[in-house]
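Down below is the structure, laid out as structure tokens.
Please treat every number below as a calculation from the coordinates, not as lab data. Since we're looking at a predicted model, the values are computed, not measured. In this analysis, Cβ positions are derived from the backbone assuming ideal geometry, glycine residues included, and neighbour counts consider all displayed protein chains.
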Amino acid sequence: MSISPKATDVFGTSITEHLEVVRQLEAQQPILEAIARAMTATLRAGGKILWCGNGGSAGDSQHLSSELVGRFQHERRGLASLALTTDSSALTSIANDYGYETVFSRQVEAIGVTGDLLVGISTSGNSHNVVAALQAARSQGLTTVAFTGAGGGRMVKLADHLFAVESKVTARIQEAHILAGHMLCDWVEIDCMNLREQKSDVVLQIVATALIEGAR
């Protein structure tokens, strides 16, 4: 006889666990703000934000990168961001020639420059290819950000900014990662819009001054 799952065991437990993890983010606001400011500083200086991860974390990398390149909630210029998880030819050729552990670090080596920022996502904090990517990023002068689960794993020592979700349940960690990512996108978008408005005001002032001077 088949046994059907109970709603309280599946839905109720998941909702309770989710809320417990989300509430923990309140205490991590200073960390998230530091990451947001680092991202904005990178973009303002003409740098780009790179993302990498495996499985669900690869999906998060692509999701959050696209929010910056496209838009999150507001109309504004596209922001320089790239997920290192999307180029199947690069991923498979690097894995074939050098091994899967290098699929992200090789790309960082190729396109990462001093002033860029890399976000490495791993629920365990120990994904070999993400660790290697953070190592490569550090050696090339990129700012490093780690999204992990409880403890942070090997990525702790490689991150300039560490966002570690206090859970060991992969699904709950990923849910917190995407919420934090959305908040970061919101901050960066608003911050960069303000920068654009400030630049626009400066341009308008220069034009107005030129018109006045030209009329004299």
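So for the range 7-190, averaging the separation of alpha carbon pairs under 8 Å that are six or more residues apart and normalising by length, what relative contact order in percent results? Spell out each step's value before the answer.
Working: 331 pairs, mean separation 44.5, N = 184.
Taking the mean separation of contacting Cα pairs over the length of the range 7-190, I get 24 percent.
Excluding same-chain pairs closer than 8 in sequence, count the lysine pairs in the chain whose Cα atoms lie under 24 Å apart. Write out the running numbers ahead of the final one.
Numbers: LYS6/LYS168; LYS48/LYS157; LYS48/LYS199; LYS157/LYS168.
The result is 4.
Using the scaling law 2.2 N^0.38 Å as the reference, what is the normalised Cα Rg of the chain? If you can, show how the numbers build up before the last one.
Working: Rg = 20.5 Å, N = 216, 2.2 N^0.38 = 17.0 Å.
Taking N as the residue count of the chain, the ratio is 1.21.
Students often get this wrong: which residues of the range 99-114 have the backbone nitrogen under 12 Å from the point 7 angstrom along Cα-to-C-beta of ALA90?
The answer is 103-113.
Projected area of the range 93-141, taken from the Cα convex hull and averaged over every viewing direction, in nm²?
3.3
Rank LEU68, SER57, THR102 by how far each Cα sits towards the positive end of the charge dipole of the range 57-118 (+1 on Lys, Arg Cβ; -1 on Asp, Glu Cβ) and give me just the farthest.
LEU68
Explain nothing, just the number: dipole magnitude of the chain about its Cα centre with +1 on each Lys and Arg Cβ and -1 on each Asp and Glu Cβ, in debye rounded to the nearest 20.
On the way: 17 positive and 22 negative charges, 57 e Å.
For this selection, approximately 280 debye.
I'd like the trypsin sites (Lys or Arg not before Pro) in the range 1-73 restricted to DSSP loop residues with at most 14 other Cβ atoms within 10 Å, sorted by number.
Details: sites: LYS6, ARG23, ARG37, ARG44, LYS48, ARG71; in loops: LYS6, LYS48, ARG71.
Hits after loop and neighbour filter: LYS6.
What net charge is computed for the residues neighbouring VAL22, neighbours being all others with C-beta under 15 Å from the C-beta of VAL22, Lys and Arg scored +1, Asp and Glu -1?
My count for the surroundings of VAL22 gives -3.
Between VAL69 and ASN126, how many nm apart are label points set 7 Å from Cα along the C-beta direction?
3.3
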